[in-house]
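Please read the structure below before turning to the comments.
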């Protein structure tokens with residue numbers, strides 16, 4: 001029997017002018033939002049195809065104004081959707097883990113974002129496996145920019161340490177490891193991934209997952225450049 005666990009996806013409604021603005025140029029604001037929406041949709045599909053995974057999405061923003069808002073709304077029917085809450089991103093992450101634990105008590109949690117659309121069911125399953133098998137109490141997946149793309153916790157209450165970690169910095173990964181160590185957790189390593197901040201990032205990630213919506217949205221920008 002496959003062990004159950006939660007995959008917590010932290011997401012923001014991809015509203016043009018507010019989503020992935022560092023992709024502009026060469027992308028337009030609308031194209032950047034389309035890329036963000038495609039990344040979220042591909043991520044949700046990967047989670048739903050992962051054996052044993054229960055999908056929870058911590059959402060913020062107005063889907064009514066978002067690119068592919070209707071499609072995202074339909075996809076979210078497969079998830080338990082919770083609202084993000086907190087004064088900064090670290091606090092919102094900590095609260096999202098706490099809220100996930102209240103919905104699915106006793107289950108470990110693997111938290112990811114919406115800007116690593118190259119994740120696969122195989123990667124998600126293997127990432128949480130060391131926690132499920134009690135090899136580690138925590139796992140952390142580094143991102144190429146110094147942050148991290150995935151955090152797995154046997155007890156999601158330990159995510160409260162994230163409230164004191166500055167996010168989106170070159171040393172966020174290192175600071176997260178230290179914060180986990182401060183509550184007695186040694187984080188097992190996961191594979192390093194590139195998240196999507198720039199168009200160069202988007203092109204590289206699209207090459208890793210060429211068949212998804214994300215890759216198609218990136219190719220649409222590349223075709224516009226050539227034209």
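Here are some notes:
- Within region 128-144, tally of residues that are more than 25 Å from residue 217 (Cβ to Cβ) and touching a strand residue (DSSP E or B) at 6+ places or on another chain (Cβ under 6 Å): 8
- Reported count of residues in region 178-203, each being touching a helix residue (DSSP H, G or I) at 6+ places or on another chain (Cβ under 8 Å) and either in a loop (DSSP other than H, G, I, E, B) or in contact (Cβ under 8 Å) with a residue 60 or more places away in the chain (or both), is 13.
- Matching residues, region 104-117, being touching a strand residue (DSSP E or B) at 6+ places or on another chain (Cβ under 9 Å) and either closer than 9 Å to residue 46 by Cβ or not in a loop (DSSP other than H, G, I, E, B) (or both): 109, 110, 111, 112, 113
- Of the criteria (1) assigned to a helix (DSSP H, G or I); (2) within 18 Å of residue 201 (Cβ to Cβ); (3) at pLDDT below 95, which one residue 33 fails: (3)
- Filter result (out of contact with any strand residue (DSSP E or B) (no Cβ under 6 Å at 6 or more places or on another chain) and under 25 Å from residue 78 (Cβ atoms)) within region 19-42: 19, 20, 33, 34, 35, 36, 37, 38, 39, 41, 42
- Whenever a residue of region 74-94 is at positive phi and in contact (Cβ under 8 Å) with a residue 60 or more places away in the chain, its partners that are assigned to a helix (DSSP H, G or I) and surrounded by 14 or more Cβ atoms within 10 Å (Cβ to Cβ), lying with C-beta atoms within less than 6 angstrom and at least six residues away or across chains, give the pairs 86/92; 86/95.
- The sole residue among 175, 224, 219 that is in contact with a helix residue (DSSP H, G or I) (Cβ under 8 Å, 6 or more places away or on another chain), free of Cβ contacts under 8 Å to residues at least 24 places away in the same chain and farther than 25 Å from residue 56 by Cα is 219.
- Flag for residue 77 being modelled with pLDDT of 95 or more, loosely packed, with under 14 Cβ neighbours inside 10 Å and outside any strand (DSSP E or B): yes
- Of residues in region 124-158 being part of a helix (DSSP H, G or I) and over 15 Å from the mean Cα position of the chain (by Cα), the one nearest to residue 178 (Cα to Cα): 158
The values are calculated or read from the model by the stated rules, or taken from the named source; none is laboratory data. From a predicted model like this one, the values you see are computed outputs, not experimental measurements. Glycine gets a Cβ as well: all are built from the backbone with ideal geometry, and neighbour counts include every protein chain shown.
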